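Below: the structure, in structure tokens.
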Amino acid sequence: MGVFTYFAYFFIVFMYSVKIVKYIKLPVHLRWELYPIGHEKKSKYGGSYLEEKDWWQKPRKKNTWKSFFSLLREYFVLSDYAKRNITYWIGIYPWHIGFLLIITFHILCFVSGLLLAKGFDVSSRSLGFGSKFLYYGILITGSISFFSGMIGSIGVLMNRIFRRDLREYATPLNFLTYFFTFLVFFTGFYSWFFTDPEFKEYRIFWAGLVTQDFKDVGFWTMIHILSFDLFLIYLPFTRSLHYITRFLAFFLIRWDDEPNIPGGRLEKKLIRLFEKKVSWSAPHIQKGKKWGELARSIP
């Protein structure tokens, strides 16, 4: 089980890395052109440097921290979903929080495994603040994650089944994902609530991963660990990559307002794209010609 866990974590990191590199290397995107932008100060008419007189002659001021915290707020609140459809938000929010907390839970378990491997005590009786913080952090994130994710899995499934506007776009992969996530959260909840209320077995398991001295755990803890490992292998083949690509979407698409200045970085990218040949045809497009040639020929 330990070797399989190693493989699961390596696999998801490798696959996500490959996909992220692929996305970053894609051609220049189409802009949203929606303001205000997260990194700009508030303005009378919305928040764009284009509102300023002679903006091209002035240095641009960007507040990266402001945009970063705006993204974090959206990540933890999902306010866009709440504004558009509160019913859908009620179903998806606990599911979303369950995912975020289960990631936090495993990170804390990993850190506790490092401490246990060094001989530190990670329990409610720990004398050190860090060890006690880890103990209660694992207890809080794990219990809330399993319960919230289990309820959320049911919520998103019900939304897909009973809402026609969502059901029409649902695929078998969607339903498989909902059942899979419910299984992961349910086995974790059952293991915690009925057999391991202090997550002691999890800490022992992670200490074994760190030291490669694997320890036996209870049946339900084992079932949850195996189901979570399988889930990690399954995730790269689903739409759940958006937990990471959301950062790219906000910073590189939604909030990208870089001006196209002559001789600048953006102009060089666009020039390279205009040199590419068209691989399809239409009444107004000739296959085989360069995009630059077609752009100059269209009235």
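Here, each number is a calculation from the coordinates, and none is a lab measurement. Being a predicted model, the structure only gives us computed values, none of them experimental. Neighbour counts run over all protein chains shown; Cβ positions are idealised from the backbone, glycine included.
Each part gets one Cα centre, and for the range 66-136 versus the range 180-196 those centres are 17 Å apart. Here, the chain has an Rg and a Dmax of 24.5, 78 Å when only alpha carbons are counted. Fully extending the segment from Val210 to Thr238 would add 7.2 nm, taking 0.36 nm per residue of separation and subtracting the current Cα-Cα distance. Note on Leu266 and Arg31: the model spin-label points, each 7 Å out from Cα along the C-beta direction, lie 0.4 nm apart. Site pair Glu52 and Leu100 shows an inter-label distance of 3.3 nm when each label is modelled 7 Å from Cα along Cα→Cβ. With 0.36 nm allotted per residue and the present C-alpha distance subtracted, the Glu74-Glu198 stretch has 41.5 nm of extension available. Between the helical axis of 172-190 and the longest alpha-carbon principal axis of the chain there is an angle of about 30 degrees.
The Tyr6 and Lys66 beta-carbon pair, evaluated with R₀ = 45 Å, returns a calculated FRET efficiency of approximately 0.70. For helix 200-211, report the angle its Cα long axis makes with the longest principal axis of the Cα atoms of the chain; keep it between 0 and 90° and round to the nearest 10°. So the helix axis and the longest Cα principal axis differ by about 70 degrees.
Can you spot the aspartates and glutamates whose alpha carbon is less than 20 Å from Lys53's alpha carbon? Ignore those fewer than 8 places along the same chain. Cross-link targets: Glu33, Glu40, Asp257, Glu258.
A Förster radius of 35 Å combined with the Cβ-Cβ distance from Ile20 to Phe133 puts the calculated FRET efficiency at roughly 0.65. FRET efficiency for the pair Ser124 and Asp165, taken as 1/(1 + (r/R0)^6) with r the Cβ-Cβ distance and R0 = 51 Å, rounds to 0.60.
Here's the list of lysines a cross-link from Lys132 could span, going by alpha-carbon distance under 22 Å and ignoring same-chain residues fewer than 8 apart: Lys118, Lys200.
Please compute the net charge surrounding Arg31, taking Lys and Arg as +1 and Asp and Glu as -1 over other residues with Cβ under 14 Å from its Cβ.
Residues close to Arg31 contribute a combined charge of -2.
Report note on the peptides 164-171, 115-122: ranked by the mean count of other C-beta atoms within 10 Å, highest first, their order is 115-122, 164-171.
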